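Readers should treat all values here as calculations from the given coordinates under stated rules, not as data from a laboratory. Not measured: the values here are computed from a predicted model. Here the Cβ positions follow ideal geometry from the backbone for every residue, glycine too, while neighbour counts run over all protein chains shown.
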């Protein structure tokens, strides 16, 4: 996993992706089985539907040390539960406007629709989101308060987290 | 009805009155000091009020939207409450200041009010007074904040929210915050840290504002109840602007109009989604 991390960059962001089980998770799986190379900065949390994603999940991810968040699910009209993504779309319209009004920079949160057949698009979403967050730098909004419980991928990663 | 919830003269201006004896109904008043929204007393959580019996509540046009909200969200049956409406010419932001209504003292939400006639009411009292004085700076303040760099805006809000002592008075004063168990009180898992810390404060204020998105009736009680003067009205107003601009929703006293987060259109705007 770490082979693809950019060794030149002094900062490697950590992103949490909240994805729906039926489209984006399957799309990400397709990207993997297709052996697409992409940034390894994203940790995926699989949920039944984008309608299950409480905006508090995103707030919590930032609290626990994420530098960026991706939220992704089925395209409109493709929801496995008919309307979960339509409800989520309204909820995130409000959430996005609110956190930006509170001063969170625009690139920290990425919303996308990625279907089960769009492994290539998932790769682009991941690479673009990682690049945006890398450019923004670490999310140091609460300096010195990052909790130690964000799942680290390796001892080296954990050491990096402790150093922040 | 067995109890009338209204306003009466108290030692420091007006205060809520719970009239159970018809003779004391003469003590009820309404003027520009009646800023407080009395609809929170109808919430099923207020068992001490419910014990007084079937209520009648005195509402301004803006407060009537809270009655509609409770009916819309099945917290209240419309036939279980008698609504007495008063025609309103604006209220002062801080009734304890005992200052007269003027452009300097008027509540920020009053200028341009479209709810001065309480349509929902069973009985309407009084003549229509002149419209409230103009001069709200709220929308201008939001535009001003939006022009700032995100980092400066973040610093502004961190300072404002940093004063929060997490007393949850904003929640208690709100007519639309009626959950029996609030997510902020849950500990397993604890979604919102309970101590007054930047993390928990941010999570709480995001949660409170979002849960009011499209539901807030703009009575201003959260901001008035706040002991450390956090401008919560700006957050509520910002989300009301989103509801209006993106989903065409304005606060209403018609219980049949769904709230924008409880409904959707297939062609809702989605420019922000890749």
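Using a 10 Å cut-off around each Cβ, can you sort A:38, B:128 from fewest to most neighbouring Cβ atoms?
B:128, A:38
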Next item on the list: Measure nothing but the geometry: give the 0 to 90° angle between the long axis through the Cα atoms of B:61-72 and the longest principal axis through the Cα atoms of chain B, rounded to 10°.
Entry: 80
Next item on the list: Just check the protein assembly as shown against the gyration tensor rule for me: Cα atoms, a ≥ b ≥ c as the square roots of the eigenvalues, rounded for a/c under 1.5, and otherwise prolate or oblate depending on whether a/b exceeds b/c.
Entry: prolate
Checklist line | region B:61-76 and region B:184-207: distance between their alpha carbon centers, rounded to Å | finding: 27
Next item on the list: Report the relative contact order of chain B, percent, no decimals, based on alpha-carbon pairs under 8 angstrom and at least 6 residues apart.
Entry: 17
Notebook entry, point to check: Measuring from label point to label point, each 7 Å out along Cα→Cβ, what is the residue B:119 to residue B:2 span in nm?
Noted result: 3.3
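So between residue B:167 and residue B:187, what do we pick up on full extension, going 0.36 nm a residue minus the alpha carbon distance? It would help to have the intermediate numbers written out before the result.
Values: separation 20, 0.36 × 20 = 7.20 nm, distance 1.66 nm.
Contour length minus the Cα-Cα distance gives 5.5 nm.
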Item checked: Förster radius 51 Å - calculated FRET efficiency between residue B:152 and residue B:74, Cβ distance, rounded to 0.05 -> 0.75
Notebook entry, point to check: So if we plug the beta-carbon distance of residue B:144 and residue B:99 into 1/(1 + (r/R0)^6) with R0 = 45 Å, what FRET efficiency do we get, rounded to 0.05?
Noted result: 0.95
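Which order results if A:34, A:112 are arranged by neighbouring Cβ count within 10 Å, fewest first?
On the way: A:34 11, A:112 24.
Listing A:34, A:112 from fewest to most nearby Cβ atoms yields A:34, A:112.
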Next item on the list: Calculate, in nm to one decimal, what residue B:20 and residue B:272 gain on full extension: separation in residues at 0.36 nm each, minus their alpha carbon distance.
Entry: 85.3 nm
Check: Over region B:138-255, what relative contact order in percent results from Cα pairs under 8 Å that are six or more residues apart?
Finding: 27
Item checked: Residue exposure sequence - B:177, B:182 - by fewest surrounding Cβ within 10 Å -> B:182, B:177
Item checked: Cβ-Cβ FRET estimate between residue A:120 and residue A:11, R0 fixed at 25 Å, reported to 0.05 -> 0.40
Checklist line | Three-way shape label, region B:3-125, alpha-carbon gyration tensor, a/c 1.5 | finding: oblate
Next item on the list: Determine the gain in length on full extension of the stretch residue B:127-residue B:250; use 0.36 nm per residue of separation and subtract their C-alpha separation, reporting nm with one decimal.
Entry: 41.7 nm
Margin query: Can you give me the distance in nm between label points at residue A:83 and residue A:34, each placed 7 Å from the Cα along the Cα-to-Cβ direction?
Written below: 3.3
Margin query: Would region B:201-274 count as rounded, prolate or oblate if I go by the C-alpha gyration tensor, calling it rounded below 1.5 in a/c and otherwise prolate when a/b exceeds b/c, oblate otherwise?
Written below: oblate
